[in-house]
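Written below as structure tokens is the structure these notes are about.
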Amino acid sequence: MTTLVESLQVGPMLRSWRERRRFSQQELSNLSTVSTRHLSRVETGRAHPTPEMILHLADNLEVPLRERNRLLLAAGYAPRYSEQSLDDGSLAVVMDVLRSLLDAHLPYPAVLLDDHWDVVDANAAIGVLLADCAPELLEPPVNVVRLCLHPGGLAPRIENLDEWAGHLHHQALSRAARTHDPRHHELVAEIVRLHGGTPRLDPTLGPVLSLRLRTGDGVLRLFSTSAQLTTATDVALEGLRLETFLPADETTRALFGR
């Protein structure tokens, strides 16, 4: 059994990330060109890796930037990746461009989310989706997963709630497995609680899953796309996703067109 002291050492932490990715030492060796002998010595604490070696292995293991900083700290090195507030002036240019993409997506809804599905910003069309939601659910930080599945949120108006809950549950599980972030695991548990059980994602739903939402003007049918920064070197920016919604039928296209 791994002790607390061992878990805070860089070797066992790297081993844990390798096991989460379901790599053998040989497979990681093949990817990283680091010998299995040296990998074994690093993981067992018999060799102390350089910061460059830690980051090289972390890159091959697709470790999130925040966790790469933790690996460096555990080895006695300074973090390499900044974690600025999204309101920090150093991120202003990037954030302005991302916000311009929100407006460029009009007349359809678009929202900028952080890594935990909390809303950072949204365009004006998102208001069409939020009609009749409980005010307390719209108090910042607004979490879109909670908003979708909460009985005071969108849940009573989502015609295919089981399907959409299955989609969100699958996304949250995937992100929890990738990041090993406790907040992602908590969100998975919250989805199960709000849904009243573990939702299932039906693989026979068709080529794309659409959200079917009842409104005063009729049923909206929307499918979503997600874009992420692939060159981020700041922890906060790495977690951002631009979620855009597009009409899945002509009725929905016409309703937003008006």
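FYI, it's all coordinate maths here, none of it is from the lab. None of the values given here were measured: they were computed from a predicted structure. As a convention, Cβ positions derive from the backbone with ideal geometry for all residues, glycine included, and neighbour counts pool all protein chains shown.
Taking 7 Å steps out from each Cα toward its Cβ at Leu138 and Arg20 produces label points 3.6 nm apart. The trypsin sites (Lys or Arg not before Pro) of the stretch 13-84 that meet both conditions, a loop assignment by DSSP and at most 16 other Cβ atoms within 10 Å of the site Cβ, are Arg21, Arg22, Arg46, Arg80. For the residues His169, His184, His38, a GNM of the chain with alpha-carbon springs under 10 Å puts the largest fluctuation on His38. Computed from point charges on the beta carbon alone (+1 for Lys and Arg, -1 for Asp and Glu), the dipole magnitude for the stretch 1-148 about its Cα centre is near 1100 Debye.
For the stretch 85-225, the Stokes-Einstein estimate of translational diffusion at 25 °C and a viscosity of 0.890 mPa s comes to 151 µm²/s, using the Kirkwood hydrodynamic radius over alpha-carbon pairs. Centre-to-centre, using Cα atoms only, the stretch 16-37 and the stretch 112-177 are separated by 37 Å.
For Asp121, the residues whose modelled amide H falls within less than 5 Å of its own, excluding neighbours fewer than 5 places apart on the same chain, are Leu112.
The value of relative contact order for the stretch 32-157, using C-alpha pairs under 8 Å at least six residues apart, is 12 percent.
Looking at the chain as a GNM with Cα springs under 10 Å, which of Pro79, Pro182, Pro64 has the largest mean-square fluctuation? For the chain, modelled as a Gaussian network with Cα springs under 10 Å, the answer is Pro182.
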